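Report on the structure given below.
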Amino acid sequence: MTVLPRFFHSLFLVLPLLLLAACGGSDKTEDATAVTVSASTANLDIGFPDRFTTVSATVRDTDGVLLRNATVQFSTNLGSFSATEVVTRTTAETGRGGSNDAGEGVAAVRLYPGQSGGTATVTAYVNGVQTSTTITVAGTAPEPERPVPASISITASERAIFVAGVGQMESSTITVRLLTSTGGAAQDAPAGVNNVRVSFATQPNGGELLFGTQASGQLVQHDKTVDVATSNGVATLTLSSGQLPGVVELKAEALTNDGTSYNPVIQATISALSIASGPTHSIVLSYPRENAIEDMGNGIYRRIGGLLATDRYGNPVADGTVVNLGVIDSVLLSNRAPQINYGFSSTVIDGNATTTANSALLTDLSNALFKSAVLTRNNTSRFIEAQDRVLILNAQAADKSRFVAALPEQDISLTTNKAYVNTASQLEYMVGASLLGAQISGVDPAKEELVSGQAVTTDGAATFYLTYPANQNTIRAGCVDPSVETRFLPQGSAQVWVVAEASGSSATTIDNQECFDYMAPATITETTGQSAIRGSAVLQLEVEDASSIHLPFLNISTSVSYGSANTGGLLVTVGSCNSGTNNRTNTNGVCSLPITVSGGNSDDTATVSLSTSGGNTLAINVTVP
């Protein structure tokens, strides 16, 4: 009574091991390194069309182990893999050694004699490795010969593809048909003869290739011309893109049975095949200096900017690519210079800011003040809020820009609207918003009005505009050295950053070249009307832009030149603005500039020249009292 239970117990122990052994080994086509081919019989006769030979391909991996589930491509130049129609190419998978397959690591197909005698070369191809065997097909069969070609047609499965390597469709199937005068399929060429030539008539020359199968059964590729053979009047090729966008035009020509051109030539072309550039990989912003600012006439300025968007190969992106735009003009928190609401010392830099892949948290364990960061705008305190921008300057493009998802609950971390892609440390970041009135909009060629927050490319370029209030309280915000700017608290918080992100890709650029700039030229005026002084004096200077807006914190350049005589040793010294240590205007655009005159006689003269960059020069004549 104990024998059977012990037997089943042993069987249960051994059976999983047998199953594991049966499931071992490789089972991917990519692992194939060797293939051998054999046929069950080496002879067929077209007089017995239903008889066949079994062609078997045995596939092994690099260790010589039989490879299961590998896809093997079979081709033949004679006969057919079907008893009812002409099939010269087919595929089969290697078996697992079961009762219903060809055997472990073996793929098998049947080859029928077809309608022509000769030597059939059957090729098995797998993962770049191919081996052939031959079968003799005896006998002859009368077959009505199809007429020679009268015309040729060429079509493409995809009229628009993308440059290679960008994760988009990068090939198109090209079908060529030889046609009789009545539109039927024309005759194929004799065995071993290629009867169709397909070539590039126009191409970007970025590495485009044509792939096709020749009469020998060999798959060939070329960057200019490929000769192939038809089957039942049809030849199929593949067009593969390169690294450049552009237009492709293909020409197909019918060839005679000796591989030469017909007279007259039988050919056709297909044009307007386009290779488009890839998705946006890089965005660069640029700002002109001359005539760049427009006075809107209502206390508002609008400054023009441009952007270039390219794919990873430097090609202009496709027309109609949308670039999303954003702007901040106030920084609530920053761990980079000038540090804003960061840590407990203005010199703290610890590099503890981090992101973690698949987490929406920006974390700074040591010195961030996410919860308590505050600035003053509109005479009130403003803390970090939902929808404020979170910018990481040295992050990968996919992680550079996020939005605050919710009010911070602690000082060491901030939840953003989207998980970060990369795990990174030593990050330089800022949190900000548009609180001084900055707006950004772009041009869409399909629309008459500007579009808020986006621009649309043409030839890889797009135009956008920064709109901002132009008055004494806001002009030059973001243009002034943070150590000098005192109008906005905390000091240094007035910064203008533009964010550009391409739709459908991770390309993102963060840029601080923009600011609330003034309209040139800047004009210096001596408000008391003095154009000449006798002896020492204090000049009352005022600097305004082209729209008469007082310009704060603008540097005034000074120089002194003396008359040709200066026999008395006249010395003119220019002091600093407003009893300070520099020659910048104050918050009102005003400079009280002392001029000290010493020495000299009544014949000595000098000229004090005052100017700003790109502005006028004010000359003050100096004489000795």
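The values are calculated or read from the model by the stated rules, or taken from the named source; none is laboratory data. As the structure is a prediction and not an experimental result, all values here were calculated from the model. Virtual Cβ from ideal backbone geometry, glycine too; neighbours counted across all protein chains shown. These area figures cover heavy atoms from the full protein model, side chains too; ligands, DNA and RNA do not enter into them. Shrake-Rupley method; radii C 1.70, N 1.55, O 1.52, S 1.80 Å.
The table below lists the values:
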read-out	value
Cβ charges +1 (Lys, Arg) and -1 (Asp, Glu), total dipole of segment 525-625, debye	160
Segment 527-581 and segment 169-187: distance between their alpha carbon centers, rounded to Å	85
Mean separation of Cα contacts under 8 Å, 6 or more apart, over the residue count of segment 45-92: relative contact order %	28
Under 5 Å, built H, 5+ apart or other chain: amide partners of Ser116	Gly79
Excluding exposed DSSP-loop GluC sites (Glu not before Pro) (at most 16 other C-beta within 10 Å), longest clean stretch of the chain	450-625
Square roots of five times the Cα gyration tensor eigenvalues for segment 294-445, Å	29, 23, 13
Nearest-ten-degree value, helix 3-23 long axis tilted from longest Cα axis of the chain	60
Percentage relative contact order, the chain, counting C-alpha pairs under 8 Å, at least six apart	8
14 Å tail of the calculated P(r), segment 137-225, as % of Cα pairs	75
Correct option for P(r) over Cα pairs in 20 Å bins from 0, in percent [calculated from the coordinates] among [x] 14, 27, 24, 20, 11, 4, 0, 0; [y] 13, 25, 25, 24, 13, 1; [z] 18, 52, 27, 4, 0	[x]
If the convex hull is drawn through the Cα atoms of segment 366-406, its volume per residue in Å³	102
Signed unit charges on C-beta, dipole axis of the chain, positive-most listed residue Val456, Phe81, Gln115	Phe81
About the Cα centre, charge dipole magnitude for the chain (Lys/Arg +1, Asp/Glu -1 at Cβ), debye	760
Solvent-accessible area per residue for segment 482-588 (1.4 angstrom probe, square angstrom)	43
Environment charge of Ser434, counting only residues whose C-beta is closer than 14 Å and scoring Lys/Arg +1, Asp/Glu -1	-1
Rg [Å, one decimal], Dmax [Å, integer] - segment 271-333, C-alpha atoms	16.9, 56
Which of Ile293, Gln267, Pro245, positive extreme of dipole for segment 245-351 (C-beta unit charges)	Ile293
Around Lys418: net Lys/Arg minus Asp/Glu count, Cβ-Cβ under 13 Å	+1
Cα principal axis extents for segment 263-367, largest first, Å	89, 48, 20
Square roots of five times the Cα gyration tensor eigenvalues for segment 409-490, Å	29, 25, 12
Segment 203-297: radius of gyration and largest Cα-Cα distance (Dmax), Å	22.4, 80
Farthest positive-ward along the chain dipole, Cα basis, beta-carbon charges - from Ser38, Thr423, Thr213	Ser38
Proximal charge balance of Asp63 [Cβ under 15 Å; K/R count +1, D/E count -1]	-2
Descending semi-axes in Å of segment 453-566, equivalent ellipsoid built from Cα gyration tensor	41, 17, 14
Cα-based shape type of segment 64-192, given that a ≥ b ≥ c are square roots of the gyration tensor eigenvalues and the cut on a/c is 1.5	oblate
Partner lysines for Lys418 [C-alpha distance under 24 Å; skip if fewer than 8 residues away on the same chain]	Lys371, Lys400
Share of carbon and sulfur in the accessible heavy-atom surface of segment 412-556 [1.4 Å probe, %]	46
Distance histogram for segment 355-476 (every C-alpha pair counted, 5 angstrom bins, percent rounded to whole numbers)	2, 10, 16, 16, 16, 14, 14, 8, 3, 1, 0
Alpha-carbon Debye profile of segment 405-457, log10 I(q)/I(0) at 0.20, 0.31 Å⁻¹	-0.93, -1.23
Lys, Arg +1 and Asp, Glu -1 on Cβ, resulting dipole of segment 384-440 about Cα centre, debye, nearest 20	240
Segment 52-194 - percent of accessible surface contributed by carbon and sulfur, probe 1.4 Å	46
